[in-house]
1. Take the residues of segment 25-43 that are surrounded by fewer than 17 Cβ atoms within 10 Å (Cβ to Cβ) and at pLDDT 75 or above: which is nearest to residue 337 (Cα to Cα)?
2. Might you let me know whether segment 270-284 holds any residue that is free of Cβ contacts under 8 Å to residues at least 12 places away in the same chain and not charged (D, E, K, R)?
3. Scan segment 257-275 residue by residue and report those that are part of a loop (DSSP other than H, G, I, E, B), surrounded by fewer than 14 Cβ atoms within 10 Å (Cβ to Cβ) and of a type outside the set (D, E, K, R).
4. Quick one: residue 219 ticks every box in (1) under 23 Å from the mean Cα position of the chain (by Cα); (2) touching a residue at least 40 places away in the same chain (Cβ under 8 Å) except a single one, so which number is it?
5. Looking only at segment 182-238, how many residues end up being within 22 Å of residue 56 (Cβ to Cβ), in contact with a Leu (Cβ under 7 Å, 6 or more places away or on another chain) and aromatic (Phe, Trp, Tyr)?
6. So is residue 278 farther than 28 Å from residue 130 by Cα, within 19 Å of the chain's Cα centre (by Cα) and polar (S, T, N, Q) or not?
7. When you look at residue 337, is it more than 29 Å from residue 104 (Cα to Cα) and touching a residue at least 24 places away in the same chain (Cβ under 8 Å), yes or no?
8. Keeping to segment 219-235, report how many residues are of a type in the set (Val, Ile, Thr) and surrounded by fewer than 16 Cβ atoms within 10 Å (Cβ to Cβ).
Amino acid sequence: MNSLPLHILDEIFFKMNPKSLALMRCTNRFMESHISNDIKFKSEYLSQFESSLLHISSGGSTLLCFHPLGDSRLFLNDKILEKPCRILGYCSGLLLLLIDGCFCITNPLTKKFRFLNYSEWERPKCIGFTVDQINQTTQEFKIVRIIAHHTSNPNETMYKFEIYTVDFWRSSRTTITCLSSDLMTKKKPVYLDGTLHWLREDRSIVAFNPETEQARLIIPSQPHLESSMRVLLGASDNHLTLISATMEMIYVFTLESILTDPKWILAKRIMNEAVQKNITLSWDVEAYDGKCIVVRTMTNLTDYQMVNGYDLRVNKWDIVGSLPSWCDGLRDFYQYKPSWSSVIGLTDQEDELYHNLFIVKYARVLAVEGIIRFINHNICI
């Protein structure tokens, strides 16, 4: 096979499942080098795989769970981490974690990580995490904290923004003053087209671009929403998407004319087959990546919480997995897609600043013993 043109050889490899590709890698040095070390090949091969679910307790936990979608095994990980951590953000295959009071950026696939010098925070859902993907050799990251302040007018709120970059926090001069409505702090901000978007209780959206530091309040025309609806802000096909769900139906809205006359347009209605009204004790919409909607339910028939996924491409519900009863009800779900992305400062070497701290060992435990074990099990390159 070594004599085949490289593009034909890649087409053959792309049709192999991960296990077969791992065996092919062991045939000779050329195969080993191309499959293991060629960044372009690895990126294209990984792009064929769907998102997987990464989840952890919202309050922090020593148990970080990774679950490939389409595999109905339990969401279990038998490797316990030394210190509790929590996920604050995800972008381009990189995770922003809070470990024992310190921020850490890591790529679980490459095992590289970086601890940040300062990590004061208040409410984790007010944190946004972005990665500049313009130039892969000089990718930069930014962390944005949105802070709500009261004004002299009791009906108004002023939003201020703080940005972490180049090892320090700084306050942006940009502010927004608008009619008061609480941020939906149980929902994560959505990063789209270089801008972070926070959903508010009144369904308006605070948008902030960390690069230009421009901010604005987006007030779309309101779809008909019942008070009992579960809502989730997501992104699909370069549009912001609002998932609104009742026990009977899930509505998918896309935001059109965002710069001129923003309005929610109904794109799809889905029967909520994940929720069975007579036996369901609790439920919520947990994640959405444009291709799959994830709904978690708890019934009176079992101690397990069921995680269901609706594939929008084939219009089909399926059981993704289940959570044991000891998993708390407050969990953060991320539809994680492995990537070889990196940012400035990410390393697999011990930084002198942390050389004598347990935290370096902990980062390696997280990368090697945690998520990476599951990724390597399913994507063997």
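The values are calculated or read from the model by the stated rules, or taken from the named source; none is laboratory data. Computed from a predicted model, the values in this text were never measured in an experiment. Cβ coordinates were reconstructed from backbone atoms using ideal geometry, including for glycine residues, and neighbour counts include every protein chain displayed.
1. So in segment 25-43, the residues surrounded by fewer than 17 Cβ atoms within 10 Å (Cβ to Cβ) come out as 26-30, 32-33, 36-40, 43.
Add one more test, that the residue is at pLDDT 75 or above, and what stays is 26-30, 32-33, 38.
Numbers: 26: 26, 27: 28, 28: 29, 29: 28, 30: 27, 32: 24, 33: 24, 38: 19 Å.
Of everything passing the filter in segment 25-43, 38 is nearest to residue 337 (Cα to Cα).
2. Let us first name the residues in segment 270-284 that are free of Cβ contacts under 8 Å to residues at least 12 places away in the same chain, namely 278.
Cutting the leftovers down to not charged (D, E, K, R) gives us 278.
Yes, the conditions are met somewhere in segment 270-284.
3. Hits for segment 257-275 are 257, 259, 260.
4. Result: residue 219 passes all but (1).
5. 1
6. Numbers: farther than 28 Å from residue 130 by Cα: yes; within 19 Å of the chain's Cα centre (by Cα): no; polar (S, T, N, Q): yes.
No, not satisfied.
7. Values: more than 29 Å from residue 104 (Cα to Cα): no; touching a residue at least 24 places away in the same chain (Cβ under 8 Å): yes.
No: the conditions fail for residue 337.
8. Residues of segment 219-235 of a type in the set (Val, Ile, Thr): 219, 231.
Pick out the ones that are also surrounded by fewer than 16 Cβ atoms within 10 Å (Cβ to Cβ) and you get 219.
Of the residues in that region, 1 qualify.
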